[in-house]
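Okay, structure first, notes after.
The values are calculated or read from the model by the stated rules, or taken from the named source; none is laboratory data. This is a predicted model, so every value here is computed, not measured. Because the Cβ atoms are built from the backbone with ideal geometry, glycine has one as well, and the counts that use them run over all protein chains shown. Note: accessible area is taken over every heavy atom of the protein model, side chains too, but ligands, DNA and RNA are not part of it. Shrake-Rupley method; radii C 1.70, N 1.55, O 1.52, S 1.80 Å.
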Amino acid sequence: MSKSIAVSQQSQQLHNDVQEAVKSIMGATQLKASDYGRVLRSALAASQKTVTIEIAAGDLAQLKKSGYKLCFAKKVGDADYNVVWQSYNAYLSNNEFSWTPQYQLFASNVFRENVQVKVSTNIINIGLGQTSTLDQHGLLSPAVTGGPNISLTFVNDYAPIHPGVNQLSTGIDGNQVSTPIYVAVNQVVTGSTALTPVETILVWFEQNVQTSTMFSTSRSKAIEIDLTFDNTAGRLYEGGQWKTV
């Protein structure tokens, strides 16, 4: 199976999960407009992905003494991971990190390794199967239905620029925030670009790194966790190695 087909299947599964959750809540009844928010929240909760990262006592002490942070990155399409989604220094023996398919779209004038993402345009909320257009003035339009139902579609009517994606997560500290998971390394020219989030994340420890930092090299001692067909996963870091729990 090719990488592009696998990515498509992963994103399609997520889209189907949300649709099925909505159908199960709606049943055979017709929703009132006032009920839409409740249904959407329930559907998103049904599609929430959660990873639990356990750290053995000896490793925890050594990591903290050496100033390492616990870091997460998220996959988009078949590109390499390239943005630190979240980084934490206040991690403990047991850490829970979760996310839902709630996205935002933006664009940046630059991609530069080892610096934080600089958002150059306005930011708009967007969902899978929706499209936003960056007009000739550099403004992103409100999202409308259109494009592949597994992707966020960015239509560029402006000039060569780097599209980017934010996603909502709930951190190990319990705080919910929407931060970048991806910025296109290369500028996209005018036309349509499909950005396909994938339910695969990267977890690792790193010194001197901040949330939203862009990178283009592999991370040391990282582990990739695929939650395409599961909603939960657990990993243990012990003796300098990752183990499944």
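Taking the condition of being open to solvent by 20 Å² or more (accessible area, probe 1.4 Å) and either in a strand (DSSP E or B) or not aromatic (Phe, Trp, Tyr) (or both), how many residues in segment 75-85 meet it? Give the derivation first.
Here is the first cut: in segment 75-85, the ones open to solvent by 20 Å² or more (accessible area, probe 1.4 Å) are 75, 78-81.
Retained after the next criterion (residues that are either in a strand (DSSP E or B) or not aromatic (Phe, Trp, Tyr) (or both)): 75, 78-80.
The total comes to 4.
Can you name the residue in segment 180-192 that is within 16 Å of Lys75 (Cα to Cα) and in contact with a strand residue (DSSP E or B) (Cβ under 6 Å, 6 or more places away or on another chain) and is also most open to solvent (accessible area, probe 1.4 Å) among such residues? Among those residues, the one meeting the criterion is Tyr182.
The set of residues in segment 120-129 that are buried (at least 18 other Cβ atoms within 10 Å of the Cβ), without any contact (Cβ under 8 Å) to a residue 60 or more places away in the chain and assigned to a loop (DSSP other than H, G, I, E, B) contains only Thr121.
Suppose we filter segment 165-206 for residues that are closer than 24 Å to Val51 by Cα and assigned to a strand (DSSP E or B); how many remain?
Looking only at segment 165-206, we keep the residues that are closer than 24 Å to Val51 by Cα, and these are 165-183, 195-206.
Next, only the ones that are assigned to a strand (DSSP E or B) stay: 165-170, 176-183, 195, 197-206.
Residues in segment 165-206 being closer than 24 Å to Val51 by Cα and assigned to a strand (DSSP E or B): 25 in total.
Okay, residues lined up against (1) in a strand (DSSP E or B); (2) open to solvent by 70 Å² or more (accessible area, probe 1.4 Å):
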| position | (1), (2) |
| --- | --- |
| Ser87 | yes, no |
| Tyr91 | no, no |
| Phe97 | yes, no |
| Pro101 | yes, no |
| Gln104 | yes, no |
| Ala107 | yes, no |
| Phe111 | no, no |
| Lys118 | no, yes |
